[in-house]
Every structure is written in structure tokens, then in C-alpha cells.
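Following: one structure in C-alpha cells, then a few remarks.
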Amino acid sequence: MLLIHCPYCAEERPETEFAHAGEAHIERSTEMNALTDEGFSKFFFYRDNTKGTTFERWRHIHGCGRYFNAARDTVSDKFLTTYKAGEPKPDLSKLVDDQTNAGAKS
Amino acid sequence: MNAPVLIQPNRIAGKGRLSVADPMRFTFDGKTLPALKGDTVASALIANDIHLVGRSFKYHRPRGIVSAGPEEPNALLGIQRDVARHTPNIRATVQEVYDGLEATSQNRWPSLKYDIGEINDVVSPLLSAGFYYKTFMWPRKAWDKVYEPFIRNAAGLGKAPVHKDPDRYSSQHEHCDVLILGGGVAGLSAALAAAKNGARVIICDEQPTFGGALHFDTDIVIDGMDGFSWAQQAMAKLAAMDNVRVLTRTTAFGYYAQNYVGLIERVSEHLSAPSADLPRERLWEVRAKKVIIATGSIERHMVFANNDRPGILLASSARTYLNHYGVAVGKNVGVYTANDSAYAAAFDLKEAGINIPAIVDIREHPNAELVAKAKALGIRVLTGHGVMAAGGKLRVSSMSVAPVNGGAREVIPIDSIIMSGGWTPSVHMFSQSRGKVAYDAAKSRFVPGVYAQDCVSVGSCNGTDDLSAIIDEAIKAGEEAATYVRPNTSQVSISIEANGGNAWEGTLIGAAPGAEAGKVVKAFVDFQNDVTAKDIRLAVQEGFQSIEHVKRFTTNGMATDQGKLSNMHGLAIAAEALGKELPEVGLTTFRAPYTPITFGALVSHSKGALFEPTRKTPMHESEVAIGAVFEDVGNWKRAWYYPKGGEDMHAAVNRECKTTRTNVGMFDASTLGKIEVVGPDAAEFLNLIYTNPFLKLGVGKLRYGIMCREDGFIYDDGVVARIAEDRFHVTTTTGGAPRVLNMMEDYLQTEFPHMKVWLTSTSEQWAVIAVQGPKSRDIIAPFVDGIDLSAEALPHMSMAEGTICGVPTRLMRMSFTGEMGFEINVPADYGRAVWDTLYEAVEAADGCAYGTESMHVLRAEKGYIIVGQDTDGTVTPHDAGLDWAVGKKKTDFVGIRGLKRPDLVASGRRQLVGLKSIDGRSVLEEGAQIVEDPNQPVPMKMIGWVSSSYWSENAQKPIAMALIEDGFNLMGKKLYVPMANEVIEVEVCKAVFVDEEGGRLHG
């Protein structure tokens, strides 16, 4: 069971308190009606399914109820960071460096 | 009772740590045998000179005890405490004897000594690796009648218990600074170091006593005392500390993400009459900041012909039996080894008075000191020799010895062989933690390489052989772990003085001499799955290159022992056959559980009534009292129908439907999902969530709303009431409440975060009583205060707040039946009182309560859909005939763009229509397929399916709804529903069967 850091509660809590909510940073257009078929299918159907670092949404459904974003490595299952909804994607190169350093320390 | 003293022929007086003052009795295959307290079933059997304990899985070969620990592949027994407590496949080497234990051998018929299945050993050429995939292929027809029954009959080990498990299991979450897996020298040293430095420590070991290898290695002296005594003292010291939890009989079975480790504690399996208060097993789910893995290593067997004969076992296990249990494995014990450890075992046996006719060592030049010591003890040492085959069948009787490089064979009579192919570090937990192993070529073993989690391996599981080095490494790990989790604590150093441990040299992986390629012998690699060296070569010969494929084809390492003895041998043989270096072939993946665990422990309390919550409405008990039959709807118990005077469901539903339309009926609608949507932007928000327009909905008005996903398909529906300018009472389907709230929260938090709206689930807060039918107003009127119930003041689809029976209510004039009706929302705590009062009035008026079945019929008579029954996630509002509910002037709502997708506006979509059975009596089956031409060849083109179907007592005919291609354009068309025995003719119609104009709603 993973431990997930909720950026709103500022606590690490067990995975069972959370619900996964798909890929992050997919913005719903404010002009939905004007989207082309291609634009809509990109928005709705296409996902990156990355091997490696992925940006994804989680909801602290059995906790504060908030949706937030996470950067997670889909190979090692490790969370690089979690951050509040609406915040920009974190700088990946910096995160990976932090991980390497943390790994070297332990 | 004065039972005669039973002799235990192999129990050696003065040896071992068990006391003759604690005798016990158990039975094996019905025969009563003596044992001592502290014995395992295996040690007690060997004490009674019983080695033959089972038959092998495939060939039914006689099998004995191979080990003295959890790695045991052979000695699997059925253990029975009483009729309901029978557990198959228990390792005799792990199960402790308690007084009265009943053990039964497995996989034999009619008896262990005379087994019919033994024929498999003779016909074994037909049963080579992969025989399943080859033998049962042809003829196809034989599969059902011959092959499958045969395989099912032969499959499986042991007998499954037939009774429900009567035992209780427990589970517990635990957090600690340092979790230490293993209570041998390394684990104990690490625990002492970590605990002395203030860390909160949990240390566990699978055995009843701590000590690990100190159980057998009596050459070791630690802190001035013999190693085993030191271990007991260390354990006692730890147990007395407040910051330490010591768990015996506790196996770490799984290592999961972020130092989450599963432990199983066997709480009462060793007790003769366990207290009813004790669980059988306890699951510990431990989250540790640091894990120290001190799981030791496992001795390997030698792969030679007939190495599976009962009486052949691992050298250090024989030493455990002698030094811990005081049991010699035989009277005349041969030794076959590639490793020094077998010498130590031979010396101990010899010194206990056991005859050791020869030590056969495949090495030309083993340790000279050991050879000299053997000779001094009068033991013959044959270096550069191998055991070419073991003789005997139900018990090993001889070993056939020859020089490794060829030469004459000498047959040496023995009654037991002890063997050692060297030691395999137990990297199971490390590997489960996703660490990558590294190959130590010098010693032919895999050791921990790259770590993936916050853990460290110490001792022999880390490839550390020297005793002092093990202790130093463990103390360092313990101290560092404590400092790591508590960086501000000043470090306390401890020292442990140890002497006498020998770093044993020598290794053999793969087939021993005499079992090489080309030799037609049964030299077993995996005892439990009957995999021989030849089978692994065959797999390679047949083209399997990956060790993972070889494993699955041969089933090597796939038995309940998970290849603890066999994996390295299998790998070496495959590598040799492939002509590759061993690390290139790779190791198969270690998976949880380390040893078998019970489902009971995993399930723990989550069974029966505690499996999942049961949700009951506030009126539940009143419904029980009036005879309701309930159905499960999700977690809810819902009143299904209310039979009277011996009615069956059909009769009850007919009466309920008829009474509701002609008089009055009441229905418990409390399970509906309810969400309170509040805030200045609430109307704006709902306008985006629903397809319908919501901005202009007046206060006190209701609107039926449809919710789509972005792809344009119906997600949920329900009635929304505007309580105030900034407050809405939203209802959802019974099952839909959580996902609707989740979706609303999602949009509110992430797409429309600028909106000032708050969402609150109120499903449990409101009890809802629907009163429906022409007399509904008359029924409720006497109890209502502060609300004008007249059609003018409170028309269909409006609501008002007031009181009913003196209780505050949100009274909604609405209908899911097509009749004039009210849905009375009252605070949940008052639900039952209001229900009881209204029910009395309904009954007095010859009305009735109706259940969910009648609710379904009544709504279907009106063509009202149920999301999830008449929709399936591919139905748009237009398909469902609800185009009117989509706001045409709206510039945005969830699904607005999806609804314009080419496929969703194309012709030929399935549309929801009504169906009449032309014969006027056939009730269609829900889910039945519909075709245009019943005479077309199979497979027919199906143009749709029946989504709802009932007998309508009110319409006096069967009614149905169906999703049919282009259905709206097929009105009046005759279609067909082919069933198993008949074809039913139907006619497409509008999905309204009662009161097409809808006048009854407005009474």
C-alpha cells in the first residue's frame, strides 16, 4: 500500500484514503462548443500512458475530499511529489535530482 | 491413565533442548506416537524413525522429510484439530506438536506404503515436462468426458476442509522505526543495537524460539555462553524493553511499497486447547521507517539419482534435529556434500554415537582440517567422489559411490543420507522490496545489489559468512537505523563477542556427477512438483530460452515452497543447457507470500455480517413488521414487495400497482441519493453539470435533470428542487450518489474553481416517503401544516416547506408513477414515525405500501427510464427520448461537445422505444435480443435488446422498453424476439402504456 502525501492536509496518508482520478493537466476548454472533433478526441480520449514519470490526479476522497496532482514514476511506483490542483507542473529535472540525492543518502 | 512408556528409537538421551519431563502424544495416519513438548511434527516423526511421510504430486514417489524449516518441499501433511479444523499441506517441519494433534499423509491411496498412483512413476516417460500441454490435446471431444475429470481428480495437494472455518483471525496495523526480519545472530545483534539507541523496534522470527542457525550450530560461543543460550537471553532482554516488540512464530510474508511489510503471527496453532479468546492467526501490517533484513540462508540439496528417497535430508537440518530436538536422523548415516557444513553435522552425529560410514565429497581438496578431524573421529572421507544413486524405495538403504571422474561404484549400506550443496542467501524479502540482486560468481550465489527501498540486509542473507563480520555488520545497521530515524539522539555503542563460527566453503549448483546431461535418472531439482534435471534440459531443448518460461513449462519453483531449494539448481541446469553464464539467464521473480498464508488471516474480521456495511432506511423495521420482502440494492436493503395473505410476488405486485393507480400507495424512497448544492453560483454550477437549463428555475420549483459525461452519454438523472435562490436539493439514483457527488466535486474543484458553491451529501439525513395515487393528497392533508396542498398552490413539479406530523418537511409534489403524488422529505430520525402515521392512514383508506418491484412496473407503464437499466453508458439523452431535457440555447454544459460527435448524431443509433407482445400475454425477458427477420441464418443480425419488461396489471398486458436501432422511425413495425423454444412477435410502440396524455399527474 502506497503512502501518499496530501498537499492540502500536509500529511502522508495510506493509499486507501485516496482515489486515483486519471491523468493531470488536461484542461477543459472554456469554449467546449467550439472544439473540433480532433480537439475533442484529444481532450477526452487520448492519454499519455507514460512509462516513467507521469502526472496524475488523485482525490483524498476519504480525507479532506480535495483533488490534487502528483508526479509519480510508473516503473518504481514512487511519488516524486504531490501538489495542489491549479499549480503548474513541477520542474521534473529538479525532482529526479532530489530523488537521486535522497537515494544516495540512505 | 497410565499409558505404557512409548519408545522413541531415534531420540538420543542427553542431546537436544527438549525435556523428557514434557511428554506428548499425537497421531500419524491414525497411529498414536509419543513426542516431547517443543517437537515439530517432523522431529517427532523422525524420533519415531518415520521418514516416509507422503507421496509426491506427479509420480507418487515415496517422500520423506528433507529439511527442518520453512523451506520444506516434501513433508506436507493434513493437520486436524477437530472435524471442522482440518488444514491440508502443513509443513511437518513447521507445525509444532501439541497433545492430541492428528496428522495425515497426503496424495496416497489406499495407504502410504501401497499407493495405486505409483503407476505414474513407472509411466513417467509419458509425464515429462509440459505433458499437460501435449497429452491432452487430442481428440478434442475427449476433453470434457475424459481429460478434464482426470486432471481435476489428480490435481491439487491434500484435502480441502469441508466445514466452514470456525476460527477467529485478527489483524493489526503497526508503525515502528526499525523492523527486523529474522531473529538469528544478525537480527538479534541489529535489534539490540537499534533498541539501545532508542528506536522503536519490532523483531520477528518464524520459529517458536529465536536463534536461527544457533539452533543447530553448537560450535558458536557468544558473550561467553553457547550461542543458543545467548539468543534466548538477547530475546528476553529485548522483550523487556518498552520500545521493542518481539514476535515469535511470525513470518514476514510480503514486502510492499514504502516499507509496508505483512507479517503473519501463528497465535494458537501450537496449543493443545487454545483459549477461545485467542485468534488462530494475527496479521500484522507494519509500516517501518527502516527495515533490516536478517533472513539468513537456506542449505541446498544435491541433485543426484533418487535423491528424493525418504531418509535423505539436508545436513544442517539433520544437525538441527540432533542438537535442538535430540533426534538422530538414522543409525547409519551417509554424508554427501559439496560444502563444509556437512562435516560439522557428521561430527555431531558421530559424537552422539551414530555410525557415519563415509563422507562423500565431490571436491578433490576439501578443507584439510575438516578431513583430518573426520579421520580422527574414524570417519572415512571419499574426496572427489559422488553419490551416483541412492538405493531403497520407502526408505533409503544404500548409496552408490564412485569417483567423480569415473570409476568403479561402491555400494555403501546406510539408513539415511545427509547432504549439502552449499547455501542460498534468502534474498526473498530484499527482492520483493524490488531490490536488484547481484551475482557473486566466486560463491555461485545471488546477493543484494541495488536497493529500492529504505532497507538493509545483514548477515548471511547479505552474503556475509564470517560470524564476527556478521555481528559487526548487524550492529552497525542497527545503530545507523536508529540514528537515521532519530538523528538527534546521541549514539550508544554496543559490542558482542563471538567465537567459533566457521565460514563454510564449497558450493554446487546444478546436477551432481551422475545426473549430467544424457543420464536417464530421476535426479530431483524440485521435489514438490517432481521436476528433475532432465525436465529442465528438455524445456531448453524444446526451445524455451527465458528462465521465466522454463519455470512455467517445467513448473520448477512453482510449488508451495516457491523453489526455496530448487531455484538455483534449476537456473544452473538451464544455463548449462543454454550454454550461457548463469546471470545472463537471470533469476525468476520472488513474489509474496514467502511461505503459504491462510486466507483467514488476510480476511480477518471482514467476513459474514462484517464483510461490508448493510444500509437500512429509517423505516426498515416498520417495513419488516408489515411483512416486506427485501432485495439488495448496492449495500441497501430495500423493500421489494409486501405480500399479503400468502400472495406470491406476482400477485403482490399486481395488487400494489393496481391499488396505487386507483387509490393510493406509499413507497420508501429514502435510498435516493441527495446532495445539497449551496452558494451564490449554485444555479450557474448546476447549469453546467446538467444538460437542462437551470438558471430560470423558480424558487419552490422542481426540474427533472439529466447529467452526461463529457462524451455525451447519460451518467445519472434525478429531480432537482430549488429551495432558495442559492440553495438546491439535488436527488440522484440510489446507486449513483457517490459518483455524482465525486463528479460534481471534480468539476467544482478543478474546472470551475472560481464558482462559490458548496456540495454536501445529505442522502443519510433525509428520509423520503413517496405517497402516490389519486387519493394521495387526501391521505397526507390532515397531517400537513403550513403548506397549501391545492393543485393551484402546489402544482406538479413544485415544492414547499412546512411540517408533517409536526416534523419539518420539504414536501415535493412529484411523481415517478405517473399519478398525482408527493415525496415527503423529513429528517431521517423522524422517518419511521411519519411513515407509521401515514401508513395507518393509507391502510384505513384501503391503500397499500408498495415496494421496488411495483415502483419499477409503475414507472415503466409511463416509460420513465432507470439509468443503468434502460441506459448502459452508450445512450445519449436523444437516444432515450429525452431530447427535451437538453438546453438548446445553452453555450456550455458537461457533454455539450460530446453530444455533437459524428457517431452520436449519426442515424441508426439505438433508441429507447416501447414493445407490445402481439399475442398479448408473453412477457419478454430483459436482455433478450431483437431481430428484424427470425428466419435469417445464424448468427442473426441483432438490432437491439429489451431493457425493461413486466406484466402490467393496469394495462392488462405485457409491457416492455427496448433499445432498438433507429427505433423512433419503426413505430408500428413488427419485430421478433427469438428465444430458446419460440420466437415472440412484438410491435414497436411509444414507451407509454398508461395515461398517454399525462393528465393524471395534475389532479
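Can you name every residue in region B:276-295 that is small (Gly, Ala, Ser) and buried (at least 23 other Cβ atoms within 10 Å of the Cβ)?
Initial filter on region B:276-295 (small (Gly, Ala, Ser)): B:276, B:288, B:294.
If the condition is that a residue be small (Gly, Ala, Ser) and buried (at least 23 other Cβ atoms within 10 Å of the Cβ), then B:Ala288, B:Ala294 are the ones that fit.
For every residue, the table says whether it meets (1) surrounded by 21 or more Cβ atoms within 10 Å (Cβ to Cβ); (2) over 24 Å from B:Lys957 (Cβ atoms); (3) touching a strand residue (DSSP E or B) at 6+ places or on another chain (Cβ under 9 Å).
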position: B:Ala609; (1), (2), (3): no, yes, no
position: B:Arg615; (1), (2), (3): no, yes, yes
position: B:Ala669; (1), (2), (3): yes, yes, yes
position: B:Pro680; (1), (2), (3): no, yes, no
key: Of all residues making up region B:156-174, the number that are surrounded by fewer than 16 Cβ atoms within 10 Å (Cβ to Cβ) and hydrophobic (A, V, I, L, M, F, W, C)   = 2
Unmet requirement for B:Thr560, which otherwise passes all of (1) out of contact with any Cys (no Cβ under 8 Å at 6 or more places or on another chain); (2) over 19 Å from B:Arg300 (Cα atoms) = (2)
message = Against the definition (away from chain B (no Cβ under 13 Å), surrounded by fewer than 17 Cβ atoms within 10 Å (Cβ to Cβ) and either at pLDDT below 95 or closer than 30 Å to B:Asp892 by Cα (or both)), how does A:Val75 come out, yes or no?
response = no
Region A:15-45, residues that are surrounded by fewer than 14 Cβ atoms within 10 Å (Cβ to Cβ) and of a type in the set (D, E, K, R) = A:Glu27, A:Glu31, A:Asp37, A:Glu38, A:Lys42
key: Of the criteria (1) buried (at least 16 other Cβ atoms within 10 Å of the Cβ); (2) over 23 Å from B:Thr760 (Cα atoms); (3) within 11 Å of chain B (Cβ to nearest Cβ), which one A:Ala70 fails   = (3)
Subset of region A:78-106 that is at pLDDT below 90 and among the β-branched types (Val, Ile, Thr) - its residue that is nearest to B:Ala481 (Cα to Cα) = A:Thr100
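Wholly within region B:883-962, which strands (runs of 3 or more DSSP E) include no fewer than the required count, namely at least 2 residues that are within 19 Å of B:Gln869 (Cα to Cα), away from chain A (no Cβ under 14 Å) and in contact with a Leu (Cβ under 9 Å, 6 or more places away or on another chain)?
Values: elements: B:910-917, B:929-931, B:942-952.
Once the strands (runs of 3 or more DSSP E) in region B:883-962 are filtered for at least 2 residues that are within 19 Å of B:Gln869 (Cα to Cα), away from chain A (no Cβ under 14 Å) and in contact with a Leu (Cβ under 9 Å, 6 or more places away or on another chain), what remains is B:910-917, B:942-952.
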query = So which residues in region B:271-300 are in contact with a helix residue (DSSP H, G or I) (Cβ under 8 Å, 6 or more places away or on another chain) and over 20 Å from B:Val185 (Cα atoms)?
reply = B:Arg280, B:Glu281, B:Arg282, B:Leu283, B:Lys289, B:Arg300
task = Give just the number: which of (1) buried (at least 16 other Cβ atoms within 10 Å of the Cβ); (2) assigned to a loop (DSSP other than H, G, I, E, B); (3) out of contact with any helix residue (DSSP H, G or I) (no Cβ under 9 Å at 6 or more places or on another chain) does B:Pro877 not satisfy?
result = (3)
query = Do we find that B:Ala481 is crowded, with 19+ Cβ neighbours inside 10 Å and within 14 Å of another protein chain (Cβ to nearest Cβ) in this structure?
reply = yes
inquiry  = Looking at region B:439-453, I want the residues that are farther than 14 Å from B:Leu508 by Cα and away from chain A (no Cβ under 14 Å) and have a partner that is basic (Lys, Arg) and buried (at least 19 other Cβ atoms within 10 Å of the Cβ) with Cβ atoms under 6 Å, at least 6 apart or on another chain. Which pairs are those?
reply    = none
message = Based on this model, can you work out whether B:Thr660 counts as among the polar types (S, T, N, Q) and touching a helix residue (DSSP H, G or I) at 6+ places or on another chain (Cβ under 8 Å)?
response = yes
query = Which of the residues belonging to region B:821-846 are farther than 19 Å from B:Ala721 by Cβ, among the aliphatic types (A, V, I, L, M) and either modelled with pLDDT under 95 or surrounded by fewer than 22 Cβ atoms within 10 Å (Cβ to Cβ) (or both)?
reply = B:Ala833, B:Ala841, B:Ala844, B:Ala845
message = If I go through region B:61-86 residue by residue, how many of them are crowded, with 22+ Cβ neighbours inside 10 Å and not in a strand (DSSP E or B)?
response = 12
task = Select from region A:1-37 the residues that are of a type in the set (Asp, Glu) and either at the interface with another protein chain (Cβ under 10 Å from one of its Cβ atoms) or farther than 27 Å from B:Val894 by Cα (or both) and list them in ascending order.
result = A:Glu11, A:Glu12, A:Glu15, A:Glu17, A:Glu27, A:Glu31, A:Asp37
query = Does region B:290-304 contain at least one residue that is within 30 Å of A:Leu2 (Cβ to Cβ), of a type in the set (Ser, Thr, Tyr) and in a loop (DSSP other than H, G, I, E, B)?
reply = yes
A:Glu12 loosely packed, with under 15 Cβ neighbours inside 10 Å, assigned to a strand (DSSP E or B) and either within 17 Å of the chain's Cα centre (by Cα) or at pLDDT 95 or above (or both) = yes
note = Checked region B:266-289 for anything away from chain A (no Cβ under 14 Å), in contact (Cβ under 8 Å) with a residue 40 or more places away in the chain and under 20 Å from the mean Cα position of the chain (by Cα); matches are B:Pro279, B:Arg280, B:Glu281, B:Arg282
note = Okay, strands (runs of 3 or more DSSP E) sitting entirely in region B:768-869 with 3 or more residues that are more than 24 Å from B:Thr734 (Cβ to Cβ), I get B:798-804
query = If you go through region B:514-524 one residue at a time, do you hit one that is among the aromatic types (Phe, Trp, Tyr), in contact (Cβ under 8 Å) with a residue 60 or more places away in the chain and farther than 30 Å from B:Val221 by Cβ?
reply = yes
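Kindly establish whether B:Val520 is within 14 Å of B:Val585 (Cα to Cα) and either in contact with a strand residue (DSSP E or B) (Cβ under 7 Å, 6 or more places away or on another chain) or not hydroxyl-bearing (Ser, Thr, Tyr) (or both).
It is false that B:Val520 is within 14 Å of B:Val585 (Cα to Cα) and either in contact with a strand residue (DSSP E or B) (Cβ under 7 Å, 6 or more places away or on another chain) or not hydroxyl-bearing (Ser, Thr, Tyr) (or both).
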ask   = Which fully enclosed strands (runs of 3 or more DSSP E) of region B:677-763 have 2 or more residues being in contact with a Pro (Cβ under 8 Å, 6 or more places away or on another chain) and under 27 Å from B:Ala800 (Cα atoms)?
value = none
request  = Among the residues of region A:41-66, write down those that are charged (D, E, K, R), within 11 Å of chain B (Cβ to nearest Cβ) and without any contact (Cβ under 8 Å) to a residue 40 or more places away in the chain.
outcome  = A:Arg57
key: Some residue of region B:653-662 being among the hydroxyl-bearing types (Ser, Thr, Tyr), crowded, with 24+ Cβ neighbours inside 10 Å and under 38 Å from the mean Cα position of the chain (by Cα)   = no
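Taking B:Ala252 as the residue in question, decide whether it is modelled with pLDDT of 95 or more, more than 14 Å from chain A (Cβ to nearest Cβ) and assigned to a strand (DSSP E or B). If you could, list the steps in order and put the result at the bottom.
On the way: modelled with pLDDT of 95 or more: yes; more than 14 Å from chain A (Cβ to nearest Cβ): yes; assigned to a strand (DSSP E or B): yes.
It is true that B:Ala252 is modelled with pLDDT of 95 or more, more than 14 Å from chain A (Cβ to nearest Cβ) and assigned to a strand (DSSP E or B).
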task = Kindly indicate which of B:Gly391, B:Gly353, B:Gly378 is in a strand (DSSP E or B), surrounded by fewer than 24 Cβ atoms within 10 Å (Cβ to Cβ), out of contact with any Phe, Trp or Tyr (no Cβ under 6 Å at 6 or more places or on another chain) and assigned by TED's automatic domain parsing to the domain that holds B:Ser316.
result = B:Gly391
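The values are calculated or read from the model by the stated rules, or taken from the named source; none is laboratory data. This structure is a prediction, so every number in the text was calculated from the model and none was measured. Quick reminder, even Gly has a Cβ in these numbers, built from the backbone with ideal geometry, and neighbours come from all protein chains shown.
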